[in-house]
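Visitor: So that we are looking at the same thing, I have put the structure below in structure tokens.
What follows is calculated from the coordinates using simple rules that are stated; it is not laboratory data. Keep in mind the model is a prediction, meaning the values are calculated, not measured. Don't worry about glycine lacking a Cβ; one is built from the backbone with ideal geometry, like all the others, and counts go over all protein chains shown.
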Amino acid sequence: MTDHGHDNEKASDGVSRRKILECMTWAGTGVLWTISGGVPRSLGIIDEAMAQEAGGLTFLQISDSHVGFDKPANPNALGTLEEAINRVKAMPVKPSFMIHTGDITHLSKLSEFDDADRIISQARLDVHYVPGEHDVIDDEVKLYRERYGRGTKGAGWYSFDANGVHFVGLVNVVDLKAGGLGNLGNEQLEWLESDLKDRSASTPVVVFAHIPLWTIYPEWGWGTDDSARALAHLKRFGSVTVLNGHIHQVMQKVEGNVTFHCARSTAFPQPAPGAAPSPGPMKVDDGKLRSMLGITNVTFRRGQQRLAIIDTPLQS
Amino acid sequence: MYIMNSTTMLNFFAAAALQLAVLAGATTFPTAPARAADTTVKIGNFTFAPQGVTVKAGSTVTWDNEDDIPHTIASSTKLFKSKVLDTDGKFSFTFTTPGVYEYFCSLHPHMTGTIVVEAATGSNIAQ
């Protein structure tokens, strides 16, 4: 969590306040956004007290745990996942549930899924998963489906309702085509259309999937080929929030009534689009790593069509 | 004494020439049209290098993942598919039939490459 007292401590250690603010701006840390009539408005820096006041439905997003990753960018991805879960356990207001936007594991190994479960379950929250491409490496997507696929359709898509908000988990990491980006496919898009068909346009909708459903940087595969078809089905809804992972950094865009948001990884950062020769794991100074990993807290205030997305690094 | 005798000079030039040859071999190997039976395609920075390779029928192509992220080698026509290759992981496939073989990484499908397989007999003219 970002709070002013902590920043001041840092400032007195010789890091300029300007530098801290630059860092916070880049990371999107602790800025509370509200969406009203499709117009985003920053309410300023969040602190724990404001989070407590928020009320309504609060849920968490974690993403890209990459359990099993042990390369120089973070030799202990399981350890940083545990730090993230410890943050969740310490939250003053217990969220209703958690969503995980994929890349739970690094190599879809049984031991990696086991380790991830062992740590994530310590949060004692229901977790709604969608797979990342790292979770479906084994043929037939057997391990992911056995563990997380109960009650889902196709490669693992599903929807559920909570506090009047409709949640849709989509899978855009299977059956990828040469030269293409993420892929939803006809079967899933038809299911989405029928899933949304009878719902009132005033129902807030949250869609979550691993690869961004907006084109961020196709040169690195950061987009989904047929996402426009999914968004067409969502167009008539007054409040749509799209939560993704995959790019291991906070990024946000608002288009009409749709807010797109990408969360940090709990494992390792990736470079800003085009800022490096490839999107590979970015090695940063050990002291800086935890400022680039983190979790996301999302709050709906019922009846106000308000939504707040708060990204919290493991260490600010 | 500062005069170098002729044997030392020869040794010096021989060593220098050898070093040049090694350097030339190291730098041209990945980009030259592959004529040998065995060819390596390196995976680095989410790209296949070289992206296009020409081999004779019967040649074996080996992919070597030098990235810190796993990749796969998947034929666009499903002729071949590797298991996931973690860092330093390798996959080999022997191409017996002439043709153009497109492939990609099934995890990062923007990564694509092509293997052109020429008939083993016939023209020896390198293109």
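Visitor: Only four residue types carry charge here, +1 at the Cβ of Lys and Arg and -1 at the Cβ of Asp and Glu. Report the dipole size of the stretch A:81-231 about the Cα centre in Debye, rounded to the nearest 20.
Guide: Numbers: 15 positive and 24 negative charges, 121 e Å.
For this selection, approximately 580 debye.
Visitor: Straight-line reach only, C-alpha to C-alpha below 18 angstrom: list the aspartates and glutamates that residue A:153 could link to, leaving out same-chain residues fewer than 8 apart.
Guide: List returned: A:133, A:135, A:139, A:140, A:161, A:175, A:187, A:190, A:193, A:195.
Visitor: Could you tell me the center-to-center distance, by alpha carbons, between the stretch A:111-160 and the stretch B:62-109 in angstrom?
Guide: First find each Cα centre; the distance between them is then 26 Å.
Visitor: Roughly how crowded by other chains is peptide B:106-117, in terms of the mean Cβ count from those chains within 10 Å of each of its Cβ atoms?
Guide: Counting Cβ atoms of other protein chains within 10 Å of each residue's Cβ and averaging gives 5.
Visitor: Please give the average number of partner chain Cβ atoms lying within 10 Å of the Cβ of each residue in B:83-91, rounded to a whole number. Spell out each step's value before the answer.
Guide: Numbers: counts 3, 7, 0, 6, 2, 0, 0, 0, 0.
Shielding by partners across B:83-91 averages 2.
Visitor: In debye, nearest 20: dipole of the stretch B:34-127 around its Cα centre with unit charges on the Cβ of K, R (+) and D, E (-)? Walk me through the numbers on the way to the answer.
Guide: Working: 7 positive and 9 negative charges, 71 e Å.
Here the stretch B:34-127 has a charge dipole of around 340 debye.
Visitor: So for each of B:62-71, B:77-86, A:240-249 I average, over its residues, the number of other beta carbons within 10 Å; can you give me the resulting order with the highest mean first? Please list the in-between numbers first.
Guide: On the way: B:62-71: 20.6, B:77-86: 15.5, A:240-249: 26.0.
The packing order, highest mean first, is A:240-249, B:62-71, B:77-86.
Visitor: Would you work out if the stretch B:34-127 is rounded, prolate or oblate? Take a ≥ b ≥ c from the square roots of the eigenvalues of the alpha-carbon gyration tensor; rounded if a/c is under 1.5, else prolate when a/b is larger than b/c, oblate otherwise.
Guide: Working: a/c = 2.14, a/b = 1.86, b/c = 1.15.
Judged from the Cα gyration tensor, the stretch B:34-127 comes out prolate (a/c at least 1.5, a/b above b/c).
Visitor: Moving to a separate point now. I need the calculated FRET efficiency for the pair residue A:147 and residue A:89, taking r as the beta carbon distance and R₀ as 25 Å, to the nearest 0.05. Working shown, then result.
Guide: Working: r = 22 Å, r/R0 = 0.89.
With R0 = 25 Å, the Cβ-Cβ based efficiency is 0.65.
Visitor: Per-residue Cβ counts within 10 Å, from other chains only, averaged over B:59-71: what number is that? Please report the intermediate quantities before stating the final value.
Guide: Details: counts 0, 0, 0, 0, 0, 0, 0, 0, 4, 11, 12, 8, 0.
Going residue by residue through B:59-71 and averaging, the value is 3.
Visitor: How big is the equivalent ellipsoid of the stretch A:197-285 along its three axes, where each semi-axis is √(5λ) from the Cα gyration tensor, reported in whole Å from largest to smallest?
Guide: On the way: eigenvalues 161, 34, 18 Å².
Equivalent ellipsoid semi-axes, largest first: 28, 13, 9 Å.
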